[in-house]
Amino acid sequence: QVQLVESGGGLVQAGGSLRLSCAVSGRTFSSTAMGWFRQAPGKEREFVAAISRSGSTTYSADSVKGRFTIFRDNAKNTVFLQMNSLKPEDTAVYYCAADGQGSTIATGRAGFWGQGTQVTVSS
């Protein structure tokens, strides 16, 4: 059974930083592309970032380019989302996702999902 467990969310002031983590179990991590999505209240879930199985290719939404970085540690079965220069509009529940291809995740699809972690950015 594949499990994705997010951590690292919280409350931060605008301009601040947070790092989200997602630990994966039940699946060979190095064979799994990973990604992050978010959903703000009253809005649809949106793609944030994805990373290929090797970590050599990343994908990012235009809204977070230059501010958010996705990276992975295959030895620790963990993917990270480093979020800098946070804005109030980044407030959302952030979800970790897994699939076979990073390009698939970048189109909004994933086979496995975490339970989400809340990120709140105050102005």
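Things to note:
- Here each label is just a point 7 Å from Cα along the line to Cβ, and for Ser85 and Thr120 those points are 2.6 nm apart.
- Once the gyration tensor of the Cα atoms in the stretch 1-120 is diagonalised, the equivalent ellipsoid follows with semi-axes of 21, 14, 14 Å, ordered largest first.
- Spacing of the modelled spin labels on Leu11 and Thr58, each 7 Å from Cα toward Cβ, amounts to 2.9 nm.
- Across the stretch 101-112, rounded Karplus estimates of 3J(HN,Hα) from the backbone phi angles (6.51 cos²θ - 1.76 cosθ + 1.60, θ = phi - 60°) give 10, x, 5, 5, 4, 5, 8, x, 10, 7, x, 9 Hz, Gly and Pro being marked x.
- Applying a DSSP loop filter and a limit of 15 other Cβ atoms within 10 Å to the chymotrypsin sites (Phe, Trp or Tyr not before Pro) in the stretch 32-96 leaves nothing.
- Each Lys and Arg contributes +1 and each Asp and Glu -1, all at the Cβ; summed about the Cα centre of the chain, the dipole is approximately 160 debye.
- Once you reduce the stretch 16-34 and the stretch 58-99 to the center of their Cα atoms, the two points are 10 Å from each other.
Read the figures in this text as sums done on the coordinates, not as results from a lab. Treat the numbers as computed from the prediction; the structure is a model and nothing was measured. No Cβ is skipped: glycine too gets one built from the backbone with ideal geometry, and neighbour counts run over all protein chains shown.
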